[in-house]
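Structure record follows, encoded as structure tokens.
Every number here is computed from the coordinates shown, using simple stated rules; none is lab data. Model, not experiment: these values are computed from the prediction. Quick reminder, even Gly has a Cβ in these numbers, built from the backbone with ideal geometry, and neighbours come from all protein chains shown.
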Amino acid sequence: MAPRKVPERKDIAAENRWDLSPLFDTEETWEALFAETEAELDGYDKFRGKVGESAQTLKAAIEFDLTVSRKLERLYTFAHLKSDEDKSKDRYQGLLQRVVGLHTRTAERSSFITPEIHRIPDEAMKGYLAEESLKPYRFFLQKILRTKPHTHEEKVEQILAMSQEMAQTASTAFGQLDNVDLRFGSVQDEKGDEVELSHGNFITLLNSSDRGVRKKAFFQYYREYEEHKHTLAVIFSQSVKKDVFYSRVRSFDTCRKAALFSDDVPESVYDNLVATVRKHTAPLFDYLRFRKEALGIDVLHFYDTYVPIVKDIPFSMSYEEAAKTAISALAPLGEDYTRTLKEGLFGGWVDRYENRGKRSGAYSAGCYDSPPYILLNYEDKNINSLYTLVHEAGHSMHSYYSRKHQPYVDHDYTIFVAEVASTFNEILLGDYLLARYADDPAMQAYIINREIDNIRATLFRQTMFAEFEKITHEIAEKNEPLTLETLSGVYRDLLAVYFGDAMAIDDVLCLECLRIPHFYHAFYVYKYATGISAAIALARQVIDEGPSARDRYLSFLKLGGSMFPLDELSAAGVDMRSPAPVEAAIEHFAEKVGQLKEVYGKL
């Protein structure tokens, strides 16, 4: 039997693709806006040397720059969504490169604005901020004024702006290699069918009840990374060196401090996360040992950590059914939330299925003038796809509320709070599914098992990733080399810490650090771990308290980027400056492990 092939883009039905026409009805309209935006760049010259003359001139400069930025975001959104549909299509890679280039030129032309704002005398700025006309831009200006110690004179800023496109080289090279050039061959699934191994079905195969299938898929997948490990290590090390360069240019002590600065997140939040998780690995080891016993195996390997421990519970759910399930699960958030989500999930927000060349994984993306689109690689037989849909729906609804209730200047929420909205939805889904299968102990065990694995992947695993980023950047900051041996060695040591003696560490697993796309956006992954900690706390409030907590949570979604993220979470009812939410999340994990053991014992 011929292997089941990954379909070409042209073979994906229109109803299973996102509808990008709200952005641009034709590529000609994209080209027209591109030309219009490009022509507007000369408009920056009328503000050069004059930004601080008066509150009125300052306001005009801000509004002109925001208008250009808004158009750029619309152009970029279309180009990057089209390029992610099929990375092998040069036409859309070209559009993306053009708009990235235009963004770089815009940053170059506008680079004088921030230094000129910084040169406004403190008393004059205080007077400007008191004027009613600048009221909508006070938080925007506050964020700019914070950057004064890290901003250079105009010529240096211009050069730094010009370097941005070049700075994406490592990330772009990794993306092309990982999504287009790597080929993983074919494997037999548990039915004996030959299937092409891909990013999209790798985890599905690791969910197989046939251990031979899991092992084969795991080692065959990593064989491709083994064959490219030297190239991948060099690409990663260059990305880290880029981070070091910009942190030093910006006068930050460390790359991490530079990355956390824009969110006004103290390094203690990051350190509390790592220290707290390291201190409380016992529940994780307890779960892994139980998993080994439940699977009836002598030694647990990484390829044994995805398969449900409850046997004979085949999972299959179409995209349509998954969307309906998501809508029902999120009913505690109210009719307005679920009605809007239903319209989006069935009305063109979502690019549903994998095709050859499509970007792996999933995300929610858009701009102020577009729907909050969702890219999926949905697999009917993988329960992770259901959770991924609910997760990305959380991002998209956050975007929907932010854009609806905030002006453009304040709509863009930070990634720090974004991960709260997405994991919050996953928690509601877990509660909904437990109630739905209240009379089915086997299915309940399956669902609890899935929630445990989600927390394990999001809290423990992402914290391990966060610690890897911290260590590797510290090595580079000491001007020491980041060789393949160094990277894999650091990762092996962390695997030993976060899995203990509960799991055997196969040598190829140490190459996992070379295949994580988020590492090319440094100090991003810790936000998954802090996000799920905050989300567990907020979801429990909504479930336990009802409408008052729901309204408080929806108000949080509507804040967009109008406050710093820790302040937004504090308003919602969670203090992430304290280790308490992380400790509570781990306690919740431990309770779920105990619950799983109890339910599993009834089978």
- Query: Under a straight-distance cross-link criterion of Cα-Cα below 18 Å, which lysines are reachable from residue 342, leaving out those fewer than 8 residues away in the same chain?
  - Reply: 324, 404
- Note on the structure: For the stretch 9-167 the translational diffusion coefficient, Stokes-Einstein from a Kirkwood Rh over Cα pairs at 37 °C and viscosity 0.692 mPa s, in µm²/s, is roughly 186
- Message: Can you give me the C-alpha center-to-center distance between the stretch 477-551 and the stretch 40-78, rounded to a whole angstrom?
- Response: 39
- Quick one: what do you get for the stretch 473-528 if you divide its Cα Rg by 2.2 N^0.38 Å? 1.22
- Query: Normalised by the number of residues in the stretch 450-603, what is the relative contact order in percent for Cα pairs under 8 Å and 6+ residues apart?
  - Reply: 25
- Computed for the stretch 1-108: size of charge dipole around the Cα centre, +1 on C-beta of each Lys and Arg, -1 on C-beta of each Asp and Glu, debye to nearest 20, value 380
- Message: Along each principal axis of its Cα atoms, how long is the chain end to end? Whole angstroms, biggest number first, please.
- Response: 75, 52, 51
- Relative contact order computed over the chain (Cα-Cα under 8 Å; 6+ residues apart), in percent: 19
- Query: How far is helix 580-600 tilted off the main Cα axis of the chain, in degrees rounded to 10, range 0 to 90?
  - Reply: 20
- Note on the structure: Sorted by chain and then number, the residues having a modelled amide H within less than 5 Å of the amide H of residue 4, at least 5 places away or on another chain, are 194, 195, 196
- Okay, which of the stretch 537-564 sit inside 20 Å, backbone N to the point 7 Å along the Cα-Cβ direction of residue 583? 537-541
- Between residue 203 and residue 483, with labels modelled 7 Å along Cα→Cβ, what's the label distance in nm to one decimal, could you check? 3.5
- Message: Per DSSP helix of 4 or more residues, -39500 (n - 2.57); summed, then divided by the residues of the chain. What does that give at 222 nm, rounded to the nearest 500?
- Response: -19500 deg cm²/dmol
- Hey, what's the Cα Rg ratio for the stretch 26-109 versus the globular rule of thumb, 2.2 N^0.38 Å? 1.27
- Query: Expressed as a fraction of 2.2 N^0.38 Å, the rule-of-thumb size for a compact globular protein of N residues, what is the C-alpha radius of gyration of the stretch 415-546?
  - Reply: 1.27
- Cα centroids of the stretch 359-436 and the stretch 259-315: how far apart, whole angstrom? 22
- Item | Qualifying aspartates and glutamates (Cα of each under 19 Å from Cα of residue 241; at least 8 residues distant if same chain) | 165, 253, 467, 469, 474, 477, 480, 485
- Item | Largest to smallest principal axis extent of the C-alpha atoms in the stretch 357-467, angstrom | 50, 34, 30
- When only DSSP loop residues count, what trypsin sites (Lys or Arg not before Pro) in the stretch 395-489 have their Cβ near at most 14 other Cβ atoms within 10 Å? 478
- Query: Using the Kirkwood radius built from alpha carbon pairs, what does the Stokes-Einstein equation give as D for the stretch 75-171 at 4 °C and 1.567 mPa s, in µm² per second?
  - Reply: 82
- Item | the stretch 63-155: Lys pairs at Cα distance under 19 angstrom, eight or more positions apart or on different chains | 5
- Item | Net charge dipole size for the stretch 349-446 [Lys, Arg +1 and Asp, Glu -1 on Cβ; Debye, nearest 20] | 280
- Pull up the cross-link candidates among the lysines for residue 527, meaning alpha carbon to alpha carbon under 18 Å and not fewer than 8 places away within one chain. 257, 470
- Message: Could you tell me which residue out of 160, 95, 68 lies farthest along the dipole of the stretch 9-167 toward its positive end? Charges go on the beta carbon: Lys and Arg +1, Asp and Glu -1, centred on the Cα centre.
- Response: 160
- Message: Checking the a/c ratio against 1.5 first, then a/b against b/c, what shape does the Cα gyration tensor give for the stretch 475-603?
- Response: oblate
- Query: At residue 285 and residue 434, where each label point lies 7 Å from the Cα along Cα→Cβ, what is the point-to-point distance in nanometres?
  - Reply: 2.7
- Note on the structure: Karplus-derived 3J(HN,Hα) from phi for the stretch 514-531 (6.51 cos²θ - 1.76 cosθ + 1.60, θ = phi - 60°), whole Hz, x at Gly and Pro, runs 8, 10, 8, x, 5, 5, 8, 10, 4, 6, 9, 5, 4, 5, 5, 5, 5, x
- Message: Can you tell me the orientation of helix 319-329 relative to the chain, as the angle in degrees between its alpha-carbon axis and the longest Cα principal axis, to the nearest 10?
- Response: 80
